[in-house]
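**Q** Handing you a structure now.
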Amino acid sequence: MSTLKVYNTLTRQKEEFKSITPGLVGMYVCGPTVSGESHLGHARPYITFDIVYRYLQYLGYKVRYVRNITDAGHFEEEGREAEDKISKKAVLEKLEPMELVQKYTNLFHWAMKQFNTIEPSIEPTATGHIVEQIVMIEKIITDGYAYEANGSVYFDVEKYNADFSKKGLPYGMLSGRVLDDQLDTTRDLDNQEEKRNKQDFALWKKAPPEHIMRWASPWGEGFPGWHIECSAMSTKYLGDQFDIHGGGMDLQFPHHECEIAQSAVCNDKLAATYWIHNNMITINGRKMGKSYNNVIKLSELFSGDHPILEQAYSPMTVRFFILQTHYRSTLDFGNDALQASEKGLKRLWEAHEALQKMKAAEDEFDPEKIDAELDNKVVTLLAEFDEFMNDDLNTAKVLASMFEIVPVINSIKDKHILPSLLSRETFVVMQSKMKLFVEDIFGLKSELQGDYTKLEGVLQVLIELRKQAKAKKDYATSDIIRKQLMELGIALKDEKDGNISYSFV
RNA sequence: GGUCCUGUGACCGAGUGGCUAGGUAGAGCUCUGCAAAAGCUUCCACAGCGGUUCGAAUCCGCUCGGGACCUCCA
């Protein structure tokens, strides 16, 4: 069996995945900043790494998956009003900062549940780890790689780079940036005069009087810088060195680069072995993001309540949409594309459900009747599930293979072909493997909510009435039943054997 | 300006130098009381120009276009 290969941003190539401790994997993924509602772009990393999490478990690893909640309010360096993002919005909305944080955390959790993502093993908050962050900053100062200025603390990038380049941990190793190239590219930023060099970044920020979120520290009242929380929490829960660090590509620099530097000073190690980054979701070819003013919030997506949305799109449609593209490619949002996904998902899901309902009774199979070509084809397609996932988690290719199996399933269901064209073993493997990949690894699920037993009973009554009408060639009655149910979103289908099935549209 | 990515058919997209990606949409056929679904068949591609090669969507160069990061950002 082939082994998992993942693209490591650090080395710019696909590498065989080997965990530091056999059988165990530590994975840290940068979580949301809960100062606002999550949008479609945010869905991508969490769904991507949900797949990574599920797949690693399928491979037999015990995974500790840590995903933080950034609720401490990162300092906004850009712009005139140097105010904390969270405190700023809190004033606008007349809410307590923590009330706001709670609201958006709840919304985030709600959205993640809609997407059927598995909760991380640990979901630490930045505000819950102020002490750890302060300890880390103190260590960096003691070692001489940070300095205090006017109640704030900055990381000395130049000094770090000079010393740690020798250890193979230069600043810029992840993003491929060379420090010297950047000297004249940084714009004027707030409190620039406090820094020794423009590229230095804040570890601790002095809180201005209007800033509500503040904590006591050795340097006065303030709040942590933007990058230190991830270093502090990943170290605390995953150790000095862990296996996978994930996040969006836009976090590569400066966020992850700074994490590497901070952890290198404190732990004398490269924080993570594999750095995995998902690409962006775009809209009209442009990255979806606050700064571009082109976001579609998840709640809007699910309700269809947004000017550019032609309809609502269900969480599973969105999940499927994301899985149809390789995680390192950009994915362009559009109504056409989402509608295509919606239909594709329906086709896949219905075939999958039909397959699971089939019984592999012994007497349906006969070694004499096997169509070797078809059997081989199915066996190959099923083997490709693992092969493609092992090749840097190529969910798009796995889906393509699944869609090649769909006609086989439907043909058996509609009795175009006999199940006995496949060997019993192939049939059974097909059933279990489709279930495993569709549900357990890709995390797709039925979107029907609640208890449908009573409705199903009612439907059976109507179906029976329609059958009787059809038998009497009373097509007026049979058509009315079908038409009115259709208006309710229930499609009746006359099967070949005279039975009538239904599906929810 | 610096660093990097990218340009595939109506739309979204996969593609390791030679083999049908796949989904959706379109066309035809089969099944069917009609329909839906399904099955079968089918149309529409690799931005442009040059080069390497027996052979390039895939490698190299140039041109044009799009984008990301360099600043909070998934």
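The values are calculated or read from the model by the stated rules, or taken from the named source; none is laboratory data. Please read these numbers as outputs of a predicted model, since none were measured by experiment. Cβ sites come from the backbone with ideal geometry, for glycine too, and all protein chains shown count toward neighbours. Each accessible area value is taken on the protein alone, full model and side chains, heavy atoms only, with ligands, DNA and RNA left out. Shrake-Rupley method; radii C 1.70, N 1.55, O 1.52, S 1.80 Å.
**Q** Hey, does segment A:331-341 have a residue that's free of Cβ contacts under 8 Å to residues at least 40 places away in the same chain, in contact with a Phe, Trp or Tyr (Cβ under 8 Å, 6 or more places away or on another chain) and crowded, with 19+ Cβ neighbours inside 10 Å?
**A** Checked against the condition, which is being free of Cβ contacts under 8 Å to residues at least 40 places away in the same chain, in contact with a Phe, Trp or Tyr (Cβ under 8 Å, 6 or more places away or on another chain) and crowded, with 19+ Cβ neighbours inside 10 Å, segment A:331-341 yields at least one hit.
**Q** Can you report the number of residues in segment A:11-55 which are among the β-branched types (Val, Ile, Thr) and assigned to a strand (DSSP E or B)?
**A** Final tally of qualifying residues: 4.
**Q** Sticking with this structure for a sec: Could you pull out every one of the strands (runs of 3 or more DSSP E) wholly within segment A:216-311 that has 2 or more residues that are out of contact with any Pro (no Cβ under 7 Å at 6 or more places or on another chain) and within 30 Å of A:Ala149 (Cα to Cα)?
**A** A:222-224
**Q** Ok, one more. Of the residues in segment A:258-290, how many are in contact with an Asp or Glu (Cβ under 9 Å, 6 or more places away or on another chain) and open to solvent by 20 Å² or more (accessible area, probe 1.4 Å)?
**A** 9
**Q** Identify all residues within segment A:383-400 that are within 9 Å of RNA strand B (Cβ to nearest atom) and in contact with a strand residue (DSSP E or B) (Cβ under 9 Å, 6 or more places away or on another chain); write none if there are none.
**A** A:Asp391, A:Asp392, A:Lys397
**Q** What number of residues within segment A:486-495 are surrounded by fewer than 11 Cβ atoms within 10 Å (Cβ to Cβ) and within 11 Å of RNA strand B (Cβ to nearest atom)?
**A** The total comes to 1.
**Q** Moving on. Could you list all residues from segment A:339-382 that are farther than 19 Å from A:Val398 by Cα and within 15 Å of RNA strand B (Cβ to nearest atom)?
**A** If the condition is that a residue be farther than 19 Å from A:Val398 by Cα and within 15 Å of RNA strand B (Cβ to nearest atom), then A:Gln339, A:Ala354, A:Lys357, A:Met358, A:Asp371, A:Glu373 are the ones that fit.
Let's see how each residue does on (1) farther than 30 Å from A:Asn294 by Cβ; (2) open to solvent by 40 Å² or more (accessible area, probe 1.4 Å); (3) in contact (Cβ under 8 Å) with a residue 24 or more places away in the chain:
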residue: A:Arg347; (1), (2), (3): yes, yes, yes
residue: A:Ala351; (1), (2), (3): yes, no, yes
residue: A:Leu393; (1), (2), (3): no, no, yes
residue: A:Leu418; (1), (2), (3): yes, yes, yes
residue: A:Lys433; (1), (2), (3): yes, no, yes
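**Q** Collect the residues in segment A:467-505 that are closer than 23 Å to A:Lys415 by Cα and assigned to a helix (DSSP H, G or I), keeping them in residue-number order.
**A** Those that are closer than 23 Å to A:Lys415 by Cα and assigned to a helix (DSSP H, G or I): A:Lys467, A:Lys470, A:Ala471.
**Q** Any residue at all in segment A:367-379 that is over 23 Å from the mean Cα position of the chain (by Cα), on the phi < 0 side of the Ramachandran plot, surrounded by 18 or more Cβ atoms within 10 Å (Cβ to Cβ) and not assigned by TED's automatic domain parsing to the domain that holds A:Lys18?
**A** yes
**Q** Sticking with this one: Restricting the search to segment A:107-123, which residues are over 18 Å from A:Gln57 (Cβ atoms) and hydrophobic (A, V, I, L, M, F, W, C)?
**A** A:Leu107, A:Phe108, A:Trp110, A:Ala111
**Q** From the list A:His245, A:His227, exactly one residue is open to solvent by less than 30 Å² (accessible area, probe 1.4 Å) and more than 10 Å from RNA strand B (Cβ to nearest atom). Which is it?
**A** Of the residues listed, the single one that is open to solvent by less than 30 Å² (accessible area, probe 1.4 Å) and more than 10 Å from RNA strand B (Cβ to nearest atom) is A:His245.
**Q** Name the single residue, out of those in segment A:475-485 being more than 6 Å from RNA strand B (Cβ to nearest atom) and open to solvent by 100 Å² or more (accessible area, probe 1.4 Å), that is nearest to A:Glu456 (Cα to Cα).
**A** A:Gln484
**Q** Then there's this: Could you check how many residues of segment A:15-41 are open to solvent by 10 Å² or more (accessible area, probe 1.4 Å), more than 25 Å from A:Ser2 (Cβ to Cβ) and of a type in the set (S, T, N, Q)?
**A** Of the residues in that region, 2 qualify.
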